[in-house]
Amino acid sequence: MRGVGQYGIRRVLCVFPRYTSSFGTFEYAYPLTAGVQAFMPPQGLLVIAAYLPADWKVRFIDENIRAATDEDFAWAEAVFVSGMHIQRQQMNDICRRAHAFDLPVAIGGPSVSACPDYYPSFDYLHVGELGDATDELIARLARDPSRPQQQVVLTTADRLDMDKFPIPAYELADISHYFLGSIQYSSGCPYQCEFCDIPGLYGRNPRLKTPEQITRELDKLLECGISGSVYFVDDNFIGNRKAALELLPHLIEWQKKTGYVLRFSCEATLNIAKRPEILEKMREAFFATIFCGIETPDPDALKAIHKDHNMMVPIMDAIKTLNDFGMEVVSGIILGLDTDKPETGKHLLDFIDQSQIPLLTINLLQALPKTPLWDRLKRENRLIEDEDRDSNVDFRLPYDHVVTTWRNCMGSAYEPEKLLARFEYQISKTYPNRIQPRTRQQISWRYIKLGLTMLRNIFWKVGVRGDYKRTFWKFALRRLMRGEIEYLISSIMVAHHLIMFARSASRGKTNASYYSLKLQQASVPAE
Ligand code: SF4
């Protein structure tokens with residue numbers, strides 16, 4: 001947060017756009033919860049909100065929870081927007097609404113940083129991370145809050161060290177209405193997978209906060225009402241293994257001090273399986289889920305996309321190792337790679353059966369700017385800019401075949417019987433390997449009431465009104481008989497979203513690539 005009195009006083013409206021439906025938004029689970037309305041608090045915009053001068057007034061609105069109103073725009077002197085490619089249409093819409101009030105609109109975040117050309121109507125483009133561009137934006141708005149004559153592009157040359165980042169302004173967000181909490185320890189990744197824009201955008205030498213910053217942020221998240229799980233949004237939690245080892249004892253101590261009120265999840269490369277010393281500490285800190293970009297079980301494909309590090313340990317062995325440390329694996333999968341063959345879909349379904357991974361985010365390959373894949377396909381004249389397609393890649397296999405394979409894989413992998421059987425496996429083989437802290441939260445009346453509300457919703461909406469009742473009750477009765485109420489709730493929350501999302505996907509109602517430019521209506525209506 002900048003100094004008081006230096007910059008006058010401004011009123012800034014920070015608006016986070018709605019998501020279109022995807023694996024990771026979990027919107028089909030919200031009606032089963034006790035009031036969840038959005039996925040995760042957006043780190044970037046909340047950090048910017050905290051970085052603004054201390055005496056500036058800031059309002060934060062997540063349009064996944066409620067739409068910014070005329071009153072909000074009338075109150076503001078400037079509007080800040082941030083988001084990913086998938087939110088492009090919604091970001092442009094916020095800009096249009098703000099301009100109706102003649103407000104200057106600034107856009108930052110990953111999408112504009114990779115593709116400034118996508119946003120011609122914004123007044124200020126903030127390209128890159130928090131740093132000198134942010135200071136310049138603040139200084140310009142302090143001097144003059146009217147709209148500039150023409151678009152101003154501010155590019156960060158000098159990034160702010162992460163150990164100087166302010167604690168995100170969680171107090172401005174309605175934290176208890178989020179499915180998960182979010183937190184960030186590092187940025188960047190040392191690898192260079194061909195399709196990934198992280199090294200190009202955030203560098204190969206991960207930058208870090210301090211462990212003390214993280215425990216302070218966790219304290220603040222708790223104060224603001226978070227419960228359940230917190231996701232480390234780091235691009236690769238073990239991008240700097242030494243730093244991960246330094247952080248973990250602090251997390252363990254924090255968990256002991258607060259009574260294990262939260263469980264953690266993160267993203268990391270699969271070669272974490274070679275590091276039992278890290279996994280043991282993650283277990284102790286109560287990491288319950290780990291997202292690994294497995295991408296494909298085909299070794300030739302992994303080599304071709306420069307993801308050889310996934311083969312440092314045989315993939316099935318690596319998954320088993322993570323399960324043995326109590327962590328359920330979530331896997332990213334890509335279809336449409338150059339090495340794909342007509343039988344790739346079948347191999348993927350075999351892999352899902354063998355690995356017993358419940359949640360796999362299966363996406364079509366999309367070439368993102370600032371990636372080696374983009375450069376190669378451009379050279380090969382294989383980039384197709386067509387907003388009616390699910391991918392901008394000219395696949396080696398026929399386009400219709402690739403999209404049909406994706407739809408069939410979605411339909412088959414998320415049949416209720418198959419999906420709940422995979423959860424059954426996790427409940428018997430993975431979850432018992434977790435530490436089993438009896439938390440203060442678990443025995444509080446608030447927690448019990450929360451659990452009862454979710455159970456009531458699940459029984460009514462899935463067990464009575466749902467259309468996979470028989471499969472549900474077979475799974476649910478086993479949980480009830482064994483006293484596994486928590487597993488029943490957590491599995492059905494995720495499973496119900498996946499079943500519903502996959503049905504809509506296999507009917508062609510959602511994009512086959514998370515990054516696709518194909519414009520779908522945002523499915524989460526703001527009120
Ligand atoms: S390991 Fe993950 S974050 Fe790192 S370059 Fe590869 S895909 Fe990107």
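The values are calculated or read from the model by the stated rules, or taken from the named source; none is laboratory data. These numbers were taken from a predicted model, which means no experiment stands behind them. Here Cβ is always computed from backbone atoms with ideal geometry, including for glycine, and neighbour counts include all displayed protein chains.
Looking only at the range 192-215, residues that are among the aliphatic types (A, V, I, L, M) and at pLDDT 95 or above come to 2 in all.
Among the residues of the range 171-196, count how many are surrounded by 19 or more Cβ atoms within 10 Å (Cβ to Cβ) and within 8 Å of the ligand (Cβ to nearest atom). Total satisfying the criteria: 5. Inspect all residues belonging to the range 70-77 and state whether any of them is crowded, with 24+ Cβ neighbours inside 10 Å, at negative phi, of a type in the set (A, V, I, L, M, F, W, C) and outside any helix (DSSP H, G or I). Yes: the range 70-77 contains one or more residues that are crowded, with 24+ Cβ neighbours inside 10 Å, at negative phi, of a type in the set (A, V, I, L, M, F, W, C) and outside any helix (DSSP H, G or I). Under the condition of being in a strand (DSSP E or B) and among the hydrophobic types (A, V, I, L, M, F, W, C), the residues counted in the range 179-228 number 2.
Restricting PHE287, PHE291 to those that are away from the ligand (no atom under 16 Å from the Cβ) and not basic (Lys, Arg) reduces the list to PHE287.
Count of the range 324-340 residues, restricted to those that are touching a Lys or Arg at 6+ places or on another chain (Cβ under 6 Å) and of a type outside the set (A, V, I, L, M, F, W, C), is 2. Test ASP55 against the stated conditions and say whether it is closer than 26 Å to PRO166 by Cα and in a helix (DSSP H, G or I). In short, no.
I'd like the full set of residues that are more than 24 Å from the chain's Cα centre (by Cα) and either in a helix (DSSP H, G or I) or within 16 Å of the ligand (Cβ to nearest atom) (or both), limited to the range 255-283. Within the range 255-283, LYS256, LYS257, THR258, LYS274, ARG275, PRO276, GLU277, GLU280 qualify. Pairing each residue of the range 189-215 that is of a type outside the set (Ser, Thr, Tyr) with any residue that is part of a helix (DSSP H, G or I) and near the ligand (Cβ under 8 Å from one of its atoms), provided the two are 6+ apart or on different chains, yields C-beta distances under 8 Å for CYS189/ILE198; CYS189/PRO199; PRO190/PRO199; GLN192/PRO199. Only a single criterion out of (1) over 17 Å from VAL47 (Cα atoms); (2) within 16 Å of the ligand (Cβ to nearest atom); (3) surrounded by fewer than 21 Cβ atoms within 10 Å (Cβ to Cβ); (4) not β-branched (Val, Ile, Thr) is not satisfied by ARG207, namely (1).
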